[in-house]
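Asks: Okay, handing you the structure first.
The values are calculated or read from the model by the stated rules, or taken from the named source; none is laboratory data. Source: prediction; values computed, not measured. Counting neighbours? That spans all protein chains shown, and the Cβs are built from the backbone with ideal geometry, glycine included. Note: areas computed on protein heavy atoms with side chains; ligands, DNA, RNA excluded. Shrake-Rupley method; radii C 1.70, N 1.55, O 1.52, S 1.80 Å.
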Amino acid sequence: MTYLTVFASGSGTNAENIIKYFSKGKKAKVNMLLTENPSAMAIDRAKRLGIETHVFSLSDLRNGQVCELLLNKKTDFIILAGFLKLIPENLLEAFPDRILNIHPAILPKFGGKGMYGMNVHKAAIEAGENESGITVHLVNKKYDEGKILFQSKCPIMPCDQPETLANRIHELEYEFYPQVIDNYINNTFKQE
């Protein structure tokens, strides 16, 4: 069995979608949800689905306590689903090419520190872009600069507001992110 730990900071809709997707499989499943935000709705979503949850401090993340928890729980992959903090070196070293993230734009456009959620959609609309989308990528030392695994696009309509564009982006996230995770872990790290 391959174990996935989901990191989320907010509402947790992507986390819930990933948990549900992998609850049906026999090769991989979500073993925990971790967050630095004690009021994240993602906690309630995970608990309703029977997933163990942990809230950690940023010092726990940086000093290796989170890494130790992941290793003790036999986590194979870390899946970021709306987690906004930079991943520290200790996790990058412990999980090389095993931390995935989704970004609500077609990278390299509209990526980097501070570019998340409505900030991304607003920037894309204000820049006069005619399309946006999602990018699933590996995580490295810099925000949104890891190896791109998958991208899917959608149009930006002339009448779009950040909220309407966000709705189209969310549909792409829900449709593709679990599949891309599944394909990556099955094709890159074959079951022994």
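Asks: Which number in (1) surrounded by fewer than 20 Cβ atoms within 10 Å (Cβ to Cβ); (2) farther than 25 Å from residue 58 by Cβ marks the one condition that residue 118 misses?
Replies: (2)
Asks: A further question on this structure: When only residues in region 36-69 that are more than 23 Å from residue 11 (Cβ to Cβ) and either in a loop (DSSP other than H, G, I, E, B) or open to solvent by less than 40 Å² (accessible area, probe 1.4 Å) (or both) count, which is modelled with the lowest pLDDT?
Replies: Applying the filter and picking the extreme gives 64.
Each row is one residue, and each column tells you yes or no for (1) open to solvent by 20 Å² or more (accessible area, probe 1.4 Å); (2) of a type in the set (Asp, Glu).
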residue: 128; (1), (2): yes, no
residue: 132; (1), (2): no, no
residue: 140; (1), (2): yes, no
residue: 143; (1), (2): yes, no
residue: 154; (1), (2): no, no
residue: 160; (1), (2): no, yes
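Asks: Search region 45-65 for residues that are under 26 Å from residue 28 (Cα atoms) and pair each with any residue that is open to solvent by less than 80 Å² (accessible area, probe 1.4 Å) and part of a helix (DSSP H, G or I) when their beta-carbon atoms are under 6 Å apart and the residues are at least 6 apart or on different chains.
Replies: From region 45-65, the pairs are 45/16; 49/19; 51/19; 53/43; 53/46; 56/66; 64/90.
Asks: Also: What's the number of the only condition in (1) surrounded by 13 or more Cβ atoms within 10 Å (Cβ to Cβ); (2) more than 21 Å from residue 27 (Cα to Cα) that residue 176 fails to meet?
Replies: For residue 176, the exception is condition (2).
Asks: While we're looking at this one, here's another question. For residues that are closer than 28 Å to residue 60 by Cβ and open to solvent by 70 Å² or more (accessible area, probe 1.4 Å), tally how many sit in region 85-115.
Replies: Here the count works out to 7.
Asks: Next question. For the structure I just gave you, tell me whether residue 156 is at negative phi, out of contact with any strand residue (DSSP E or B) (no Cβ under 8 Å at 6 or more places or on another chain) and among the β-branched types (Val, Ile, Thr).
Replies: Judged against the criteria, residue 156 is not a match.
Asks: Now for a separate question. Evaluate region 3-13: report whether one residue or more is loosely packed, with under 14 Cβ neighbours inside 10 Å, in a loop (DSSP other than H, G, I, E, B) and at pLDDT 95 or above.
Replies: So far as region 3-13 goes, no, none of its residues is loosely packed, with under 14 Cβ neighbours inside 10 Å, in a loop (DSSP other than H, G, I, E, B) and at pLDDT 95 or above.
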